[in-house]
Amino acid sequence: MRRRLVVGNWKMNGSIAKNKALLDTIIDGVRDLHDSDCVVCVPYPYLAQAQSLAEHTNVAWGAQNLSSMDDGALTGAVSPGMLVDYGCRYVIVGHSERRMLSHETDDTAAARFHAATKADLTPIFCMGETKEEREADWTEYVVGRQLDSILRRYGPEDVSKSVLAYEPLWAVGTDNPATPEQAQEVHSFIRKRIAGCDKKIAKNIRIIYGGSLNPSNAKALFDMPDIDGGLVGRCSLDAKAFVKICKAA
Ligand code: PGA
């Protein structure tokens, strides 16, 4: 049985005061949830704050990116070891905003994925097609290519150390979520492709959905057989909404 997982992606939002109010309410709201995992991925400067507030609670914390290198002359970069120092267990890799705005490619995302697994961090590896790609019926080609960038390169054993996130770009930040059926179709495709390499790993890996998740649509999405939770952007900044989504899981 796969444990459900809900991850909040705060993106570039927050302040020390706002984070404290948000995280305190989330921690309180999910205190009695023991059958699923709840994670917040915060901006780098707030990792220490997340650690001090969430340590010994059932909320885990992580980052939104990492360097593929361990150290060196890389101004502005943050290494896997630095995230481990702050108690992170998760890190988002290859988010569409980084693929689009920061020139992330399949190769650079795969290298970050590998760096994360080497450091015993769980990468939340994001994949998804644009609206144009979906309309051209390229969804499986694009998502398959993104998945293969880690599956073929590092093998199913390494992929089993990650969480996969299907985030169609046309649904991220748009108020236009995928329907449960649309998301299920792609999640099932991802799981089958992994099964082609290793059936047991395919059965156990968590594949979460992201893109305009909210308290009203979460349950129907999470009820789908291959959807194991969610990656939540905007609603993760609203403690009540985020707690509702965690409870739906
Ligand atoms: P959204 O963002 O929930 O605001 O659509 C999801 C994401 O970018 O992970």
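Assess whether Lys131 counts as being more than 30 Å from Glu55 (Cβ to Cβ) and either of a type in the set (Lys, Arg) or surrounded by fewer than 24 Cβ atoms within 10 Å (Cβ to Cβ) (or both). Write out each step before concluding.
Numbers: more than 30 Å from Glu55 (Cβ to Cβ): yes; either of a type in the set (Lys, Arg) or surrounded by fewer than 24 Cβ atoms within 10 Å (Cβ to Cβ) (or both): yes.
Yes: the conditions hold for Lys131.
For the range 1-116, which helices (runs of 4 or more DSSP H) that fit wholly inside it have 1 or more residues that are within 16 Å of the ligand (Cβ to nearest atom), in contact (Cβ under 8 Å) with a residue 60 or more places away in the chain and under 22 Å from Gly210 (Cβ atoms)?
Working: elements: 16-29, 47-54, 80-85, 96-101.
So the answer is 16-29, 96-101.
Only one residue in Lys203, Lys192, Lys244 is outside any loop (DSSP other than H, G, I, E, B), of a type outside the set (Asp, Glu) and within 16 Å of the ligand (Cβ to nearest atom), so which one is that? If you could, list the steps in order and put the result at the bottom.
Details: Lys203 fails: within 16 Å of the ligand (Cβ to nearest atom); Lys192 fails: within 16 Å of the ligand (Cβ to nearest atom).
Lys244 is the lone residue from the list that is outside any loop (DSSP other than H, G, I, E, B), of a type outside the set (Asp, Glu) and within 16 Å of the ligand (Cβ to nearest atom).
Name the residue, out of Lys244, Lys219, that is out of contact with any helix residue (DSSP H, G or I) (no Cβ under 6 Å at 6 or more places or on another chain) and open to solvent by 40 Å² or more (accessible area, probe 1.4 Å). Even if it seems obvious, please write down each step before you answer.
Numbers: Lys219 fails: out of contact with any helix residue (DSSP H, G or I) (no Cβ under 6 Å at 6 or more places or on another chain).
Lys244 is the lone residue from the list that is out of contact with any helix residue (DSSP H, G or I) (no Cβ under 6 Å at 6 or more places or on another chain) and open to solvent by 40 Å² or more (accessible area, probe 1.4 Å).
Given the criterion under 20 Å from Val159 (Cβ atoms) and crowded, with 20+ Cβ neighbours inside 10 Å, identify the matching residue among Ala115, Ala50. Walk me through how you get there before you give the answer.
Values: Ala50 fails: under 20 Å from Val159 (Cβ atoms).
Of Ala115, Ala50, the one residue that is under 20 Å from Val159 (Cβ atoms) and crowded, with 20+ Cβ neighbours inside 10 Å is Ala115.
If I filter the range 170-187 down to residues being open to solvent by less than 20 Å² (accessible area, probe 1.4 Å) and either in a helix (DSSP H, G or I) or polar (S, T, N, Q) (or both), which single residue comes out as nearest to the ligand (Cβ to nearest atom)? Steps first, answer last, please.
Going through the range 170-187, the residues open to solvent by less than 20 Å² (accessible area, probe 1.4 Å) turn out to be 171, 178, 183, 186-187.
From what's left, either in a helix (DSSP H, G or I) or polar (S, T, N, Q) (or both): 183, 186-187.
Details: Ala183: 13, Val186: 15, His187: 16 Å.
Step by step, filter the range 170-187, then rank; the result is Ala183.
The values are calculated or read from the model by the stated rules, or taken from the named source; none is laboratory data. Since this is a predicted model, take the numbers as computed values, not measurements. Please note: Cβ atoms are built from the backbone with ideal geometry, for glycine as well, and neighbour counts cover all protein chains shown. Note: accessible area is taken over every heavy atom of the protein model, side chains too, but ligands, DNA and RNA are not part of it. Shrake-Rupley method; radii C 1.70, N 1.55, O 1.52, S 1.80 Å.
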